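Asker: Next up is a structure, given as structure tokens.
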Amino acid sequence: MDDALSRLLHDVRPHGVLLDESVLNPPWSLRFAEGAPLNLVVALRGAAWVTPEGGAPVRLPTASVVIVRGPEPYAIADGPDTAPLAVVHGAGRCTTPDGRSTVDGPLPMCGEEARPEGATVLLKATYQVRGSVTERVLAALPRIALVPAPSEGCPTFDMISRELRRDAPGQQVVLDRLLDLLLVASLREWFELSDTHTPTWYRAHRDPVIGPVLRLMHDDPARPWTVAGLAAEASTSRASFAQRFTELVGQPPMTYLTEWRIRTAADLLTRTGDTVEAVARRVGYSNAYALSVAFKRTLGVRPSEHRARSRGGAGAAGSAGSAGAVGVAGAVGVAGAVGVPGLVAASRVGA
């Protein structure tokens with residue numbers, strides 16, 4: 001099934017994930033100012049508090065997941081009132097809250113001896129997001145999305161923990177794929193927690209009439225679709241189809257189709273070397289001029305401008321992805337990986 005959530009497997013990736021296991025002694029607190037668009041935190045053992053910049057703290061119970069939508073900073077701590085003791089920046093840099101480097105000595109919260117009564121084990125992954133289609137998914141998320149622990153447990157947690165303790169060829173690829181799985185499964189679970197969380201387009205994919213039509217539009221945007229043609233695919237009348245589609249998706253059929261075509265074109269312009277003319281034909285426009293008019297009307301820029309901007313920032317995003325796309329197992333071991341002395345007890349670093 002090709003839907004906007006499935007596209008996350010292509011558009012949201014942990015790049016060069018770095019994972020650590022370590023121990024933090026309470027009180028501990030880290031502020032993350034990496035600027036990443038999407039983050040995921042799991043309490044494998046113990047609990048923690050996640051506080052978005054300017055927002056209320058959210059408790060993260062054992063085996064629960066928090067999805068943090070960026071790029072604004074956020075803090076992870078042992079309690080809601082614990083002030084940050086270190087700030088994790090992008091590009092492998094960590095400082096004290098007043099901006100001093102942390103390379104001069106261990107912080108009080110760091111220690112190599114485990115304290116079982118207060119030890120917390122966390123998994124943290126930072127994802128770089130590329131793709132215009134994916135913006136629909138991210139826009140549906142709040143600043144903090146809490147996914148409660150599954151009653152039947154989560155095998156993915158165990159698989160990640162086991163892989164962290166191995167030193168075998170292909171480890172980085174395995175961890176990347178497991179983090180892909182964990183993110184998409186968590187997003188799907190959160191969207192299905194209640195109707196208040198579920199965006200209209202997600203519910204529409206489950207509709208027996210509209211769902212199959214949406215997949216047809218996604219699979220073949222170049223086809224010269226009309227409302228009548230889409231209604232025929234759904235085996236319903238044109239008026240009934242248009243009304244049902246608008247109610248479920250939140251947009252009329254052709255408006256939705258135009259937006260999908262333009263966002264697909266935006267992704268093709270970023271990822272491929274196809275000419276604007278070729279991209280236009282792949283998404284249902286007769287020529288480059290027709291695409292350019294619709295593209296500017298929808299996104300505010302011409303296709304050539306979008307390609308130049310996206311590729312101009314690709315190098316910076318790519319290098320940030322290697323250092324900033326950080327997955328952490330342990331009591332927020334990322335801090336040790338980026339410069340908090342005394343934090344890391346053991347680590348597995350991906351190339």
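Asker: Along the positive direction of the dipole of segment 175-239 (beta-carbon charges: Lys, Arg +1; Asp, Glu -1; about the Cα centre), which of VAL184, ALA231, VAL213 reaches farthest?
Answerer: ALA231
Asker: For segment 135-213, what is the largest minus smallest coordinate of the Cα atoms on each principal axis, given in angstrom and ordered from greatest to least?
Answerer: Ordered largest first, segment 135-213 gives principal extents of 48, 27, 25 Å.
Asker: For LEU60, enumerate residues with amide H under 5 Å from its amide H, sequence gap 5+ or separate chain, H modeled in the peptide plane.
Answerer: Amide H to amide H, under 5 Å and 5 or more residues apart or across chains, LEU60 pairs with ALA48, TRP49, VAL50.
Asker: Modelled label-to-label distance, ALA228 and LEU181, 7 Å Cα→beta-carbon offset: nm?
Answerer: Here the answer is 4.9 nm between the modelled labels.
Asker: Also, I was wondering about something else. If packing is taken as the mean number of other Cβ atoms within 10 Å per residue, what is the order of 176-184, 123-131, 35-43, highest first? Can you show the working numbers first?
Answerer: Values: 176-184: 18.7, 123-131: 24.1, 35-43: 21.8.
Final packing ranking: 123-131, 35-43, 176-184.
Asker: Further question on the same structure: Taking all protein chains together and a probe of 1.4 Å, list THR95, THR226 from the most accessible to the least accessible.
Answerer: Solvent-accessible surface, decreasing: THR226, THR95.
Asker: Determine the order of SER151, SER161 by accessible area, beginning with the largest, at a probe radius of 1.4 Å. Can you show the working numbers first?
Answerer: On the way: SER151 120, SER161 30 Å².
So, going from the largest accessible area down, we get SER151, SER161.
Asker: What's the ranking of 218-225, 289-296 by average number of surrounding C-beta atoms within 10 Å, highest first? Let's see the in-between values first.
Answerer: Details: 218-225: 13.9, 289-296: 17.8.
The peptides rank, most packed first, as 289-296, 218-225.
Asker: For segment 238-291, give the magnitude of the charge dipole about the Cα centre (Cβ charges: +1 Lys/Arg, -1 Asp/Glu; no others), in debye to the nearest 20. Intermediate results must be reported in sequence, preceding the final value.
Answerer: Details: 7 positive and 5 negative charges, 28 e Å.
Dipole size: approximately 140 debye.
The values are calculated or read from the model by the stated rules, or taken from the named source; none is laboratory data. These figures come from a predicted structure and were not determined experimentally. Every residue, glycine as well, gets a Cβ built from its backbone with ideal geometry; the counts of neighbours run over all protein chains shown. To get the accessible areas, we keep the full protein, side chains included, count just its heavy atoms, and leave off ligands, DNA and RNA. Shrake-Rupley method; radii C 1.70, N 1.55, O 1.52, S 1.80 Å.
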